[in-house]
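Structure, as structure tokens:
Every read-out reported here was derived from the displayed coordinates using simple, explicitly stated rules and does not represent laboratory data. Treat the numbers as computed from the prediction; the structure is a model and nothing was measured. All Cβ positions, glycine included, derive from the backbone under ideal geometry; neighbour counts span all protein chains shown.
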Amino acid sequence: MMQEKAYAKINLNLHVTGKREDGYHLLDSLVVFPDVGDYVTIMPVDSEHVDLVSLQMTGPFFGSLQHEDLKNNLIVKAAYQLATYADKDLPPVKLCLEKNLPVASGIGGGSSDAAATLRLLINYWDINISQQDLAQMALKLGADVPVCLTPVAQRMEGIGETLSFLPEMPQFGMVLVNHGEAVSTAEIFRKREAHFSGYIESITELNNFESLIGELSKLTNDLQPPACALNPKITTVLQAIEKLPLCRLSRMSGSGATCFGLFETAQQASYAADLLAQRYPWWIWGGEGNVK
């Protein structure tokens, strides 16, 4: 069997910088991938397997996906787009998604699943594809898929198509918390104030934790205020994270509702997550905040 980990995608900030004529919003965001995620695995195919791609799901959060039309699942879409690109006879695959991340929670779970599927099947099917063609394929699947193709610290601009690596990012700890109520991204954008943020100014040094916290303190998540207004429990989560020992920064990721806290070490984050889990029945994780 072959397997890929689909890491959670965390927006350390999210500036909404404009809006295109087609309705897509322009963003500027620093993105990292903590050491938690879903898993996509290629399973043995039985003799009666007729579809090129089939999907089964397990894990604590697969329940909310089990009634959806699989044709609309990003994993299945990614596999078929890659097969169309290959334009050759391919062996059927049975994919298994272990869904460990909350669904529709602002941490790119579905997008990361699709990106992991592309990485997995490119190797399994031995497909020769350029980075440019792969990036275009990923963008067609969703704005967050391109950044998830290479799960390392990046700056994401435009609608998600303009990416640059952040090689000097330090290791640090992170706590993730989701209170279990999904929020509507469309409603959050509608409730957002009309003004747009500026682009992130040139970031010269992020090579240690103190400089990272200093830079992030100057930045915002423009979607956090409208998300908190629509779902006040997000504010409760943020306040709970802020009170954790040694937490240096608390913020919502993406369009929510998952929130994060930053710590100097993974050990501090893991300890803080254990403390929080003793008080609240939320989905809580703590550990390494920046996979390299």
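Compute the projected area of the convex hull of the Cα atoms of segment 34-184, averaged over all viewing directions, and report it in nm² to one decimal place. Let's see the in-between values first.
Working: hull surface 41.4 nm².
Average of the hull's projected areas for segment 34-184 equals 10.3 nm².
For the chain, set up a GNM with springs between Cα atoms under 10 Å and report which of Asp35, Asp51, Asp274 has the largest fluctuation.
Asp51
Could you work out how far helix 233-242 tilts from the main Cα principal axis of the chain, as a 0 to 90 degree angle to the nearest 10?
70
Taking the Cα atoms only, what angle lies between the long axis of helix 266-277 and the longest principal axis of the chain, rounded to 10 degrees?
Approximately 80 degrees, to the nearest ten.
Beta carbons within 10 angstrom, averaged per residue: use that to sort the peptides 122-132, 79-89, 155-165, highest first. Spell out each step's value before the answer.
Working: 122-132: 11.8, 79-89: 14.4, 155-165: 16.2.
Descending packing order for the listed peptides: 155-165, 79-89, 122-132.
Would you pull out the residues with amide H under 5 Å of Leu26's amide H, same chain only if 5 or more places away, H placed 1.01 Å from N?
The answer is Thr17, Gly18, Lys19, Arg20.
Provide the descending list of Cα extents for segment 173-288 along its principal axes, expressed in whole angstroms.
Computed over segment 173-288, the largest-to-smallest principal extents equal 40, 39, 18 Å.
Would you list which aspartates and glutamates come within 20 Å of Lys5, measuring only between C-alpha atoms, while excluding same-chain residues fewer than 8 positions from it?
List returned: Asp35, Asp38, Glu98, Asp113, Asp126, Asp144, Glu288.
For the chain, calculate the relative contact order in percent as a whole number, restricting contacts to Cα pairs under 8 Å that are 6 or more residues apart.
So the answer I get is 24 percent.
Could you derive backbone 3J(HN,Hα) for segment 218-232 from the dihedral phi with the Karplus parameters 6.51, -1.76 and 1.60 (θ = phi - 60°), listing whole Hz in sequence and x where the residue is Gly or Pro?
Calculated HN-Hα couplings, in order: 7, 10, 9, 10, 5, 8, 5, x, x, 5, 5, 5, 6, 9, x Hz.
For the pair Phe196 and Gln3, what calculated FRET efficiency results from E = 1/(1 + (r/R0)^6), where r is the Cβ-Cβ distance and R0 = 35 Å, to the nearest 0.05?
On the way: r = 41 Å, r/R0 = 1.17.
Efficiency at R0 = 35 Å is approximately 0.30.
Taking the Cα centre of segment 181-292 as origin, work out the dipole magnitude from +1 charges on Lys and Arg Cβ and -1 charges on Asp and Glu Cβ, in debye rounded to 20.
Numbers: 10 positive and 12 negative charges, 71 e Å.
For this selection, approximately 340 debye.
So how do Phe61, Phe196 line up by other beta-carbon neighbours within 10 Å, fewest first?
Values: Phe61 20, Phe196 15.
Ranked by crowding around the Cβ, least crowded first: Phe196, Phe61.
Tell me which lysines have Cα within less than 21 Å of Lys19's Cα, excluding those fewer than 8 residues away on the same chain?
Cross-link targets: Lys140, Lys191.
Add -39500 (n - 2.57) for each DSSP H run of 4 or more in the chain, then divide by its residues: what number comes out at 222 nm, to the nearest 500 deg cm²/dmol? If you can, show how the numbers build up before the last one.
Working: 9 runs with 89 residues, N = 292.
Value at 222 nm, helices only, nearest 500: -9000 deg cm²/dmol.
Counting alpha carbon pairs within less than 8 Å and at least 6 residues apart, what relative contact order, in whole percent, applies to segment 173-288?
Numbers: 184 pairs, mean separation 49.6, N = 116.
That works out to 43 percent.
Report, in debye and to the nearest 20, how large the dipole of segment 2-165 comes out about its Cα centre when Lys and Arg carry +1 and Asp and Glu carry -1 on their Cβ. All intermediate terms of the calculation are to be shown ahead of the outcome.
Details: 12 positive and 20 negative charges, 63 e Å.
Dipole size: approximately 300 debye.
On a 0 to 90 degree scale, rounded to 10, what angle separates helix 131-141 from the longest Cα axis of the chain?
Taking Cα atoms only, the helix is inclined about 80 degrees.
Place the peptides 215-225, 239-249, 263-273 in order of packing, highest mean first, counting for every residue the other Cβ atoms within 10 Å and averaging per peptide. Let's see the in-between values first.
Numbers: 215-225: 18.1, 239-249: 16.3, 263-273: 20.3.
Result, highest mean Cβ count within 10 Å first: 263-273, 215-225, 239-249.
Taking amide H positions as placed 1.01 Å from N in the peptide plane, with prolines and chain starts having none, which residues 5 or more places from Gln56, or on another chain, fall under 5 Å of its amide H?
Those qualifying (amide H under 5 Å, at least 5 residues apart or on another chain) are Leu95, Cys96, Leu97.
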